[in-house]
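Colleague: Dumping the structure here so I can ask a few things about it.
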Amino acid sequence: MLTTISRMKSLVSPPFSPIFKATPSSLFFSLPSNFKFLSFPTSLTSSISLSLNPPPMLSTFPIQNRCLHSNSSPSFSSSSGEIHVIVGPMFAGKTTTLLRRIQSESGNGRNVAVIKSNRDTRYGLDSIVTHDGVKLPCVALPNLSSFRQKFGTDAYEQLDVIGIDEAQFFEDLYDFCREAADHDGKTLIVAGLDGDYLRRSFGSVLDIIPLADSVTKLTARCELCGKRAIFTLRKTQETRIELIGGADVYMPVCRQHYVSGQVVVEAARILLESQKAECGSHMFVPDSSY
């Protein structure tokens with residue numbers, strides 16, 4: 001009986017293992033609790049520590065963890081994973097919240113890895129970077145199904161926590177999260193946009209809500225009035241759903257300014273199209289009779 005209880009305790013609280021020594025540091029790492037992420041770009045000369053007090057806006061919306069435990073089936077709970085989803089508009093601090101959680105898990109001695117889509121090349125492919133310059137090494141992939149092979153089967157088995165940034169770009173998000181949490185016992189922290197610039201479901205992020213242990217909806221600050229922003233407004237006339245960009249393309253807005261902003265954008269689009277048509281009709285055509 002004592003042996004069984006001892007084994008159960010070791011499963012619930014696995015000892016820290018410096019596994020990063022046997023695997024590429026860019027793919028697999030375990031951060032000490034006093035680790036500091038360097039600021040980026042280089043114009044920010046001082047170091048930024050994610051353990052510092054978060055900005056007031058983000059502290060208003062903490063992650064709410066809801067863990068389910070069953071006393072009747074301890075063997076199942078010890079082998080099952082968790083899924084925590086972080087959503088919100090652009091500039092709401094989703095990546096910052098993800099990095100804080102990853103640092104916390106690593107500081108508790110758990111082995112962590114972070115994944116992002118290789119479509120996002122704004123800050124390079126080897127790091128995820130917040131809008132204020134904090135970064136963390138990651139694995140950039142075209143899809144999540146290739147992660148186990150890229151990472152290595154043995155290293156994957158020893159992983160405790162997997163972070164996924166810009167999750168809306170992964171079409172196989174649902175299947176990967178279900179398999180990793182239900183069967184592999186991994187804890188997944190997933191951050192991504194819940195809606196596109198048209199306020200429609202973006203990718204498969206909303207599809208994993210039924211799988212999630214917790215869901216955190218972050219908000220930003222409206223760029224036009226300073227109120228709570230829950231939507232992302234696209235500034236340009238581009239109509240593609242997947243258009244990767246920053247503050248030059250998008251802004252967080254409240255409901256009022258999203259509606260009025262969409263009217264302005266649509267009016268500008270119609271005006272530009274009419275001007276193009278008018279210019280085309282007045283193009284000089286040489287008279288062939290000469």
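The values are calculated or read from the model by the stated rules, or taken from the named source; none is laboratory data. Please read these numbers as outputs of a predicted model, since none were measured by experiment. We place every Cβ from the backbone using ideal geometry, glycine too, and count neighbours over all the protein chains shown.
Colleague: For region 173-222, give me each residue that is part of a strand (DSSP E or B) and without any contact (Cβ under 8 Å) to a residue 24 or more places away in the chain.
Modeller: 201
Colleague: Which members of region 240-254 meet the condition of being over 11 Å from residue 196 (Cα atoms) and part of a loop (DSSP other than H, G, I, E, B)?
Modeller: 244, 245, 246, 247, 248, 249, 254, listed by residue number.
Colleague: Hey, among the residues in region 106-154 that are in a strand (DSSP E or B) and at pLDDT below 90, which one's surrounded by the most Cβ atoms within 10 Å (Cβ to Cβ)?
Modeller: 128
Colleague: Is at least one residue of region 208-229 buried (at least 16 other Cβ atoms within 10 Å of the Cβ), at pLDDT below 95, assigned by TED's automatic domain parsing to the domain that holds residue 253 and among the acidic types (Asp, Glu)?
Modeller: yes
Colleague: Let me ask another. Specify which of the listed residues (235, 217, 186) is under 21 Å from residue 138 (Cα atoms) and among the basic types (Lys, Arg).
Modeller: That would be 186, the only listed residue that is under 21 Å from residue 138 (Cα atoms) and among the basic types (Lys, Arg).
Colleague: Check region 230-237 and report whether any residue there is at pLDDT 85 or above, surrounded by 13 or more Cβ atoms within 10 Å (Cβ to Cβ) and in contact with a His (Cβ under 9 Å, 6 or more places away or on another chain).
Modeller: yes
Colleague: Answer yes or no as to whether residue 163 is in a loop (DSSP other than H, G, I, E, B), in contact (Cβ under 8 Å) with a residue 40 or more places away in the chain and of a type in the set (Gly, Ala, Ser).
Modeller: No, not satisfied.
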